[in-house]
Amino acid sequence: MSNGTMKGAVLVNPGDPLEIADLTLGNIGAGEVLVRVEKASVCHTDLTVQQGLFPMPVPMVVGHEAAGVVEAVGEGVRRLQPGDRVIAFANPFCGQCSHCYRGETYLCSGEATFRAPEGEQRVQRNGNGVFTMAGVGAFSERMLTHENSLVAIPGELSFTKAALLGCGVSTGLGAALNTAGVCAGDEVVVVGCGTVGLAAIQGARVAGASRIVAVDLLDAKLRIAESVGATDVIDANDDETAARVLELTSGGADIAIECIGKPETTALAVQSVRRGGTAVLVGFMPLGANIELPGTEFLYTGKRLLASVLGSTNFLTDLPRYVALIEAGEINLDILLSDHFRLDEINEAMARLGAGDVVKPVIDVGEAA
């Protein structure tokens, strides 16, 4: 079954702007699903990849957060059918490895879902194969991806809000609710108030945290953090940031959630927790970045350091819970949604995200809301 041509945003050379190109979709293979993209959203990871700080094969259709409608399914697809409204997520899972059997689909070690049918390419440009980021390639009019990269949208959530759940919002919510396991009465510090950090703040609030300290360089983001549940805010331009956290929390928070992805903000997160406290690392670090800890001091304080992959989110089971919180008004996504762009404005969207003057750019690919 041939699927015709489409427009997509392609990275040809790392560091260069994305090119809007005519692309050809391959045949739908066993286990694969063709999706008409309605909305996509831009994540800082997309920016990191475009800048060449996390190398991936090129040419590549960038993007890994999208929502749309199933147009066709391949042989063996069981969970989805044409007409279903779906979210694409950033970690396709094989369903067969030991992690998947334990429900840790976010740690899947399988590779089958990234592979096109033998001898074919999912996407081509001028007859040559084009890689799709995360097996999805969200910045395009259509996605041809594996069933295990998709989940049906629970309830009536709009495509715009659903797209945000493909990575950033789920990562932040899950970091607080799943990885950190914030409990009622906990004091929590969130370092970085972009999409992930703002979602983590809301997750901590929903879990009943007694104090939530938001840390960021930008005053505008700190104001948003206050509006969604931060009880205190700290301007990270202050050299005494760690000392201020310790003062606010009477010696250190129970949990610190790092949402930037830098060695120095990791150090801040570790410094910000009490003896026996937990620092959770969420931010996506550039390839080759290393973390240094004062060994003896870390050992004798009994602190814990945890990595959170996509908020420890099992998309098949956790998405309904996240959506229920959104629909109940417990999680506010409207505060993130100030700026929309067309597909041919993708480079402007990414530049504004990098500059910090947009929280979450949404790409209006289709016509639906």
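Observations
- For THR278, nonlocal amide neighbours, meaning residues 5 or more places apart or on other chains whose placed amide H falls under 5 Å from its own, are ILE255, ALA256, ARG304.
- Estimated inter-spin distance, ALA220 and ARG78, nm [label 7 Å along Cα→Cβ]: 4.8 nm
- Neighbour net charge for PRO361 - beta-carbon separation under 13 angstrom, K R +1, D E -1: -3
- For the chain, the C-alpha radius of gyration divided by 2.2 N^0.38 Å, with N the number of residues, is 0.98.
- Rolling a 1.4 Å probe over the protein heavy atoms of the chain, with every protein chain left in place, gives an accessible area that is 49 percent carbon and sulfur.
- Paramagnetic label zone (point 7 Å from Cα along Cα-to-C-beta, ARG342; backbone N under 18 Å) in the range 24-49: 37-41
- Solvent-accessible heavy-atom area per residue, rounded to whole Å², over the chain at 1.4 Å: 41 Å²
- Cα-projected label distance for THR24 with GLU156, points at 7 Å along beta-carbon direction, nm: 4.3 nm
- Stretching the chain fully between ILE335 and ARG304 yields a gain of 8.0 nm (0.36 nm per residue, less the alpha carbon separation).
- Near ALA214, once Lys and Arg are set to +1 and Asp and Glu to -1 for all other residues with Cβ below 14 Å from its Cβ, the sum equals -3.
- For the chain, complete DSSP H runs whose alpha carbons reach 15 Å or more along their own long axis and whose mean Kyte-Doolittle score is 0.5 or higher are 195-206, 315-327.
- Per-selection Kirkwood Rh - the range 241-369 (Cα, Å, 1 d.p.): 17.6 Å
- Mean separation of Cα contacts under 8 Å, 6 or more apart, over the residue count of the range 143-227: relative contact order %: 27 percent
- When each of LYS7/LYS161; LYS221/LYS303; LYS161/LYS221; LYS303/LYS360; LYS7/LYS221 is checked by Cα-Cα distance, pairs over 27 Å: LYS221/LYS303; LYS303/LYS360; LYS7/LYS221
- Against the rule of thumb 2.2 N^0.38 Å, how large the Cα Rg of the range 287-327 comes out: 1.88
- Extension reserve of the ASN13-ARG275 stretch, reckoned as 0.36 nm per residue once the Cα distance is removed: 89.7 nm
The values are calculated or read from the model by the stated rules, or taken from the named source; none is laboratory data. Note that the structure is a prediction, hence the values are computed from the model and not measured. All Cβ positions, even for glycine, are placed from backbone atoms using ideal geometry, and neighbour counts span all protein chains on display. These accessible areas exclude ligands, DNA and RNA; they are computed on the full protein's heavy atoms, side chains included. Shrake-Rupley method; radii C 1.70, N 1.55, O 1.52, S 1.80 Å.
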